[in-house]
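Novice: Take a look at this one; I'll ask things after.
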Amino acid sequence: MKVFQNVSDIGPLDQALREAFEIKADRYKFENLGRHKTCLLIFFNNSLRTRLSTQKAAMNLGMNVIVLDVNQGAWKLETERGVVMDGDKSEHLLEAIPVMGSYCDIIGVRSFAKFESREDDYSEKILQQFIRYSGKPVFFMESATVHPLQSFADLITIEEYKERPRPKVVLSWAPHPRALPQAVPNSFAQWMNAADVDFVVTHPHGYELDPQFVGNAKVDYDQMHAFEGADFIYAKNWSCPGVVNPADYGKVLNKDLSWTVDAAHMAVTNNAHFMHCLPVRRNMIVTDDVIESPRSLVIPEAANREISAQVVLKRILESL
Ligand code: AN0
Ligand code: CP
């Protein structure tokens, strides 16, 4: 595997899940695979889980790891070609990327949507440059449009906790004070469409996800109706994807707290498990009692980030 971006990059999901559970049963089984190999993790944005879990996964495989927070200590980077660099940016991404590539065997990159241009974000302008100019395999640690390590961990978690063969999984928009990317819901929809689940998306009007990710998934604008009989509730805020009105791309159109996942919402489900990728704002996205309930999976879900990252790194190492 040379790029990990989409669900199709990991191949058949049953095989990927088998590998995940094999690693979970013995996470040091492949501890020599990454010997003398270096994994470089580049962060343009903050992170707790991705930073720690990916580092741990690489160490489990015997790799060396270098982590760079680009905005803390590295030179400020220009990303546009043709710019007269007379401002505060000292270095161009087009030199920085091959330089970074020269010090490692695998590169992971986190670079969120900038919300300046829908076209730039949805064409994955930054990550595509890493793929093109680093000369190394690249895995996405949340890009402008996708967060595949998260969705793979979510799939592992659903597989572990499902109580019937084809569970009903509901992705629900929930309110948040600031504009957040669409990467988590985009990937979650893409992965759930590929998995053997009954998948429903619910959100207010204006929050329609890009068709390339949501595909033919059922969309229900009535949140309570969507929750009926659900086995898993996956809450997440996202800003306007600009599908209906491109001028609204990246905007907060709605802060309606009636969409907050609370006990009354959970009461109409099939005793659903609650999921969220974290970080989560309590009593905006979900109430204290729901996230603290025995049906909440947020901690095991985060723990599975180590497993999803390890399967991905193992696949990349095997292809070097
Ligand atoms: C990010 C997002 O919503 O995409 C990261 C989630 C994993 N969240 C925030 O920026 C709060
Ligand atoms: N879920 C997730 O990716 O968390 P971080 O932003 O803390 O890495």
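The values are calculated or read from the model by the stated rules, or taken from the named source; none is laboratory data. Remember, it's a predicted structure, so these values are computed and weren't measured experimentally. Quick reminder, even Gly has a Cβ in these numbers, built from the backbone with ideal geometry, and neighbours come from all protein chains shown. We work out accessible area using only protein heavy atoms, side chains counted, and drop any ligands, DNA or RNA first. Shrake-Rupley method; radii C 1.70, N 1.55, O 1.52, S 1.80 Å.
Novice: Tally the residues that are touching a residue at least 60 places away in the same chain (Cβ under 8 Å) and under 24 Å from the mean Cα position of the chain (by Cα), restricting the search to the stretch 252-268.
Specialist: 6
Novice: Filter the stretch 26-72 for residues that are more than 16 Å from ligand 2 (Cβ to nearest atom), more than 13 Å from Ile106 (Cα to Cα) and touching a strand residue (DSSP E or B) at 6+ places or on another chain (Cβ under 8 Å) and give the result.
Specialist: If the condition is that a residue be more than 16 Å from ligand 2 (Cβ to nearest atom), more than 13 Å from Ile106 (Cα to Cα) and touching a strand residue (DSSP E or B) at 6+ places or on another chain (Cβ under 8 Å), then Met59 is the only one that fits.
Novice: Quickly run through the stretch 23-54 and pick out the residues that are part of a helix (DSSP H, G or I), farther than 30 Å from Trp75 by Cβ and either in contact with a Phe, Trp or Tyr (Cβ under 9 Å, 6 or more places away or on another chain) or not charged (D, E, K, R) (or both).
Specialist: Ile23, Ala25 - these are the residues of the stretch 23-54 that are part of a helix (DSSP H, G or I), farther than 30 Å from Trp75 by Cβ and either in contact with a Phe, Trp or Tyr (Cβ under 9 Å, 6 or more places away or on another chain) or not charged (D, E, K, R) (or both).
Novice: Please find, within the stretch 232-280, the residue that is farthest from ligand 1 (Cβ to nearest atom) out of those that are at positive phi and in contact with a Gly (Cβ under 8 Å, 6 or more places away or on another chain).
Specialist: Looking at the filtered set, the residue picked out is Gly242.
Novice: Test each condition in (1) within 16 Å of ligand 2 (Cβ to nearest atom); (2) within 19 Å of Ile307 (Cβ to Cβ); (3) β-branched (Val, Ile, Thr) for Ile23 and report the one that comes out false.
Specialist: For Ile23, the failing item is (1).
Novice: Counting only residues that are polar (S, T, N, Q) and open to solvent by 80 Å² or more (accessible area, probe 1.4 Å), which one in the stretch 41-88 is nearest to Ser143 (Cα to Cα)?
Specialist: Asn46
Novice: How about the stretch 177-194: which of its residues are assigned to a loop (DSSP other than H, G, I, E, B) and either touching a Pro at 6+ places or on another chain (Cβ under 9 Å) or surrounded by fewer than 20 Cβ atoms within 10 Å (Cβ to Cβ) (or both)? Steps first, please.
Specialist: Taking the stretch 177-194 and keeping what is assigned to a loop (DSSP other than H, G, I, E, B), we get 177-182.
Passing the criteria: Pro177, Arg178, Ala179, Leu180, Gln182.
Novice: Another question, then. Could you please find all residues in the stretch 236-295 being basic (Lys, Arg), under 26 Å from Arg51 (Cβ atoms) and part of a loop (DSSP other than H, G, I, E, B)? Explain how you work it out, then say what you get.
Specialist: Start the filter on the stretch 236-295 by keeping residues that are basic (Lys, Arg), which leaves 236, 251, 255, 281-282, 295.
Checking the rest, the ones that are also under 26 Å from Arg51 (Cβ atoms) come to 236, 281-282.
Once the filter is applied, which keeps residues that are basic (Lys, Arg), under 26 Å from Arg51 (Cβ atoms) and part of a loop (DSSP other than H, G, I, E, B), the stretch 236-295 yields only Arg281.
Novice: To continue, here is another question. When Lys125 is evaluated against the numbered criteria (1) under 29 Å from Ile307 (Cβ atoms); (2) surrounded by fewer than 23 Cβ atoms within 10 Å (Cβ to Cβ); (3) not hydrophobic (A, V, I, L, M, F, W, C), which criterion, by number, is the only one it fails?
Specialist: Status for Lys125: all satisfied but (1).
Novice: If you don't mind, there's one more thing I want to ask. Can you tell me which of Val197, Val214, Val138 is touching a Phe, Trp or Tyr at 6+ places or on another chain (Cβ under 9 Å), β-branched (Val, Ile, Thr) and open to solvent by 10 Å² or more (accessible area, probe 1.4 Å)?
Specialist: So the residue among Val197, Val214, Val138 that is touching a Phe, Trp or Tyr at 6+ places or on another chain (Cβ under 9 Å), β-branched (Val, Ile, Thr) and open to solvent by 10 Å² or more (accessible area, probe 1.4 Å) is Val197.
Novice: Take Ile307 and tell me if it is within 21 Å of the chain's Cα centre (by Cα) and either over 30 Å from Pro137 (Cα atoms) or open to solvent by 70 Å² or more (accessible area, probe 1.4 Å) (or both).
Specialist: no
Novice: Across the stretch 174-202, what is the total count of residues that are of a type outside the set (A, V, I, L, M), in contact with a strand residue (DSSP E or B) (Cβ under 7 Å, 6 or more places away or on another chain) and either within 16 Å of ligand 2 (Cβ to nearest atom) or over 25 Å from Glu159 (Cβ atoms) (or both)?
Specialist: 2
Novice: Only residues in the stretch 269-295 that are open to solvent by 50 Å² or more (accessible area, probe 1.4 Å) count as the first member; pair them with residues that are polar (S, T, N, Q), Cβ under 7 angstrom, at least 6 apart or cross-chain, and list the lot.
Specialist: Pairs found: Asn283/Thr260; Arg295/Asn271.
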